[in-house]
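One structure below.
The values are calculated or read from the model by the stated rules, or taken from the named source; none is laboratory data. Nothing here was measured: the structure is a model prediction, and the numbers come from that model. Backbone-built Cβ (ideal geometry, glycine too); neighbour counts: all protein chains shown. To get the accessible areas, we keep the full protein, side chains included, count just its heavy atoms, and leave off ligands, DNA and RNA. Shrake-Rupley method; radii C 1.70, N 1.55, O 1.52, S 1.80 Å.
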Amino acid sequence: ISYHISSLRDIDWDGYNAELRKTKSFNGDSSLKDEVEQEIRHFCPGKNFFFVNSGTAALELALMSLKLDEEDEVILPSFTFTSCANAIIRAGAKPVFANIDAKCLHLSLESVMQVFSAKTKCIMVVEYGGIRANLNEIYEFCKKHKLVLLLASAQTFGTSQSKDNHSKLADFVCYSFHDTKVFSCGEGGLLIVNNLKYLNRAVIMFEKGTNRLEFIEGKTGKYSWKDIGSSFIMSNVNLLLLKFQIRIRVNILKKKYDAIEVYENFFGLSTSYFFVQRSDHSTCSNGHIYWLILPNTKNKKQLQNHLSAHGIETVSHYVPLHCSEFAKKSNFRHDKNMANTFAAGECLLRLPVISPNASKKVVKAIERFNA
């Protein structure tokens, strides 16, 4: 059983190829963008959509729009992907690494408070495992201290929103469509800008630092260089793939939910204590990752080897960023208490979320391990 199988395998490839042959432009067409955006808005609210060439690009465009400087700090979890910290550095600011909550592996207000300073300009909440974060407390904190709230939702695209449409609370929301995600176009991303204060900057940077959008809309006779920018725009080849993914969204999510349900039923009723913590998909999730945290690295390796012997691929995840050679060399600040981050970095194991039948085979193998 492979850990991951791309959902792109399930799209209508004949339909995709036929529509691709009819495409007149391949470098980012506004009509196709508008069509895909309208489909996404049914389950993903937000004000201004920018389809970009990666989830990393979404982070970079958002942070560049803030016009940060070298004294400014952005708080983020240490247990996350390097793109989150790299985007902060490329925007000219400093990353500050916070601990995570033991239950959900997200930032909490308490963990933010441990590293908050007068230099803090932005808080980056990273949603882990496809599970939506509870933003209410951090949102109120950001509002009180006039901080930017950036929601790094690379892993949660496609799920229904929580009752309060919580992503609307964030100034920026960043999604990824990398092939490792539940919804993919091979490589791509989406930036949603909810705070109009930063919209004009984002538009100019999105268009390679020019006012080209005004030119396209007939508001100016020519366009010119206005600010820094880059080549962020998603190609029509990838955007069309995303369109065909959205068409089968319900089926993709059902397969994930059914696979997760097998794990939820098994581990929820388990009287064993061979694991310390497990992911909880009972609230708002797209079923991206089902994870266990084992008591120690020895136990994790034993379970991983046992499952491998039964033909089941499992994987760990991030090495905490604050532990990296680069972070130490750069002397980036971090919380003194990173116990939950260390536990996730050392002892977390991800199980395949492929299908209910695959999950049942994993559960049977774990029952033998735990006997």
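How about the stretch 216-282: which GluC sites (Glu not before Pro) there are in a DSSP loop, with at most 16 other Cβ atoms within 10 Å of their Cβ?
E217
Could you please report the charge total around A358, scoring K, R as +1 and D, E as -1 over all other residues with beta-carbon less than 14 angstrom from its beta-carbon? Numbers along the way, then the final one.
Details: positive: K255, K256, R350, K360, K361, K364; negative: D258, E261, E313.
Net of charged neighbours comes to +3.
Probe radius 1.4 Å, ligands and nucleic acids ignored: give me the carbon and sulfur share of the accessible area of the stretch 77-146 as a rounded percent. Display every interim value, and only then the final one.
Working: 1510 of 2930 Å².
Carbon plus sulfur share of accessible area: 51 percent.
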Quick P(r) readout (the stretch 90-190; Cα-Cα; 10 Å bins; whole %) gives 15, 46, 32, 7, 0
Using a probe radius of 1.4 Å on heavy atoms only, what accessible surface per residue do you get for the chain? Whole Å² is fine.
47 Å²
For K222 paired with K298, estimate the spin-label separation in nm (one decimal), with each label point 7 Å from Cα along the Cα-to-Cβ line.
7.4 nm
Kindly give the semi-axes, whole Å and largest first, of the ellipsoid equivalent to the stretch 54-134, taking each as the square root of 5 times a Cα gyration tensor eigenvalue.
20, 16, 9
Using the structure shown, list the pairs from K103/K181; K301/K360; K146/K208; K119/K144 with a Cα-Cα distance above 27 Å, or answer none.
K146/K208
To the nearest 20 Debye, how big is the dipole of the chain about its Cα centre, given +1 on the beta carbon of each Lys and Arg and -1 on that of each Asp and Glu?
140 debye
What spacing in nm lies between the two simple spin-label points modelled at S6 and N200, each 7 Å away from Cα in the Cβ direction?
4.1 nm
If each of D258 and S308 carries a label point 7 Å out from its Cα toward its Cβ, how far apart are those two points in nm?
3.1 nm
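Evaluate E = 1/(1 + (r/R0)^6) for S355 and S117, where r is the Cβ-Cβ distance and R0 equals 35 Å; express this FRET efficiency to the nearest 0.05. Kindly include the intermediate steps, with their values, before the conclusion.
Details: r = 47 Å, r/R0 = 1.34.
About 0.15, to the nearest 0.05.
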State the Cα centre-to-centre distance between the stretch 316-371 and the stretch 41-63 in whole Å.
27 Å
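Test of understanding: what is the full-extension gain from H42 to T180, defined as 0.36 nm times their sequence separation minus their Cα-Cα distance?
On the way: separation 138, 0.36 × 138 = 49.68 nm, distance 2.35 nm.
Roughly 47.3 nm would be gained on extension.
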The chain - share of DSSP beta bridges that are antiparallel (%, nearest 5)
55 percent
Furthest towards positive pole of dipole, W13, F81, A91, structure part the stretch 1-130, Cβ charges:
A91
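Any chance you could run the full-extension gain for D280 through N251? It's 0.36 nm times the residue separation minus the Cα-Cα distance, nm to one decimal.
Working: separation 29, 0.36 × 29 = 10.44 nm, distance 2.13 nm.
Gain on stretching D280 to N251: 8.3 nm.
So how strong a dipole does the stretch 120-266 carry about its Cα centre when Lys and Arg Cβ are +1 and Asp and Glu Cβ are -1, to the nearest 20 debye?
Details: 21 positive and 14 negative charges, 89 e Å.
Roughly 420 debye, rounded to the nearest 20.
Taking 0.36 nm per residue of sequence separation and subtracting the Cα-Cα distance, how much length would be gained by fully extending the chain between V237 and K329, in nm to one decimal? Let's see the in-between values first.
Values: separation 92, 0.36 × 92 = 33.12 nm, distance 4.04 nm.
Once the chain is fully extended between V237 and K329, it gains 29.1 nm.
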